[in-house]
Amino acid sequence: MKNTLAMENFESRERARKRVDQIKGFYKHLTAYLIVNGFIIAYFITEKIADGEPALTLDTFELALFWGIGLGVHAFSVFGLRLLTGRRWEERQIRKYMEEEEREARKFK
């Protein structure tokens, strides 16, 4: 029994660690996106203004747009629907399933 609990605790900790690593990876990706695209967009705007061209065109933001799509996919892979549904929804679902399990367990007592 003690070994089973220790193993479950270890597995739970491993799942939590992997989840934290996924979230950290996403935030590193987001940071790189913001820094790199900030510099590139500033460079393009500066160059276009110096050349007398319109600065705010699609090609100024093209890299940020496509990289942003990739970043969105990464965010969805890490956060899933929680990104869209929010924490309150998640908490309600957890409570709902816990209550269902409790009702099922009472049937066998």
task = Would you mind finding the one in Tyr33, Tyr43 that is assigned to a helix (DSSP H, G or I), within 19 Å of Phe79 (Cα to Cα), of a type in the set (Ser, Thr, Tyr) and without any contact (Cβ under 8 Å) to a residue 60 or more places away in the chain?
result = Tyr33
task = Could you tell me which residue of the range 1-41 is farthest from Leu63 (Cα to Cα), considering only residues that are aliphatic (A, V, I, L, M) and under 14 Å from the mean Cα position of the chain (by Cα)?
result = Val20
ask   = For the range 96-105, what are the residues that are modelled with pLDDT under 80 and of a type in the set (Lys, Arg)?
value = none
key: Candidates Leu83, Leu71, filtered to the one that is modelled with pLDDT under 85, assigned to a helix (DSSP H, G or I) and surrounded by 10 or more Cβ atoms within 10 Å (Cβ to Cβ)   = Leu83
query = Using beta carbons and a limit of 9 Å, which pairs, at least six apart or on different chains, have the first residue in the range 93-109 and closer than 25 Å to Leu81 by Cβ and the second one part of a helix (DSSP H, G or I)?
reply = Gln93/Thr85
query = Within the group Gly72, Gly52, Gly80, which residue is at positive phi and within 20 Å of the chain's Cα centre (by Cα)?
reply = Gly80
ask   = Being of a type in the set (S, T, N, Q), surrounded by 10 or more Cβ atoms within 10 Å (Cβ to Cβ) and not in a helix (DSSP H, G or I), is that true of even one residue in the range 54-65?
value = yes
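The values are calculated or read from the model by the stated rules, or taken from the named source; none is laboratory data. What you see is a predicted model; the values in this text were computed from it and never measured. Glycine also receives a Cβ, built like all others from the backbone with ideal geometry; neighbour counts cover every protein chain displayed.
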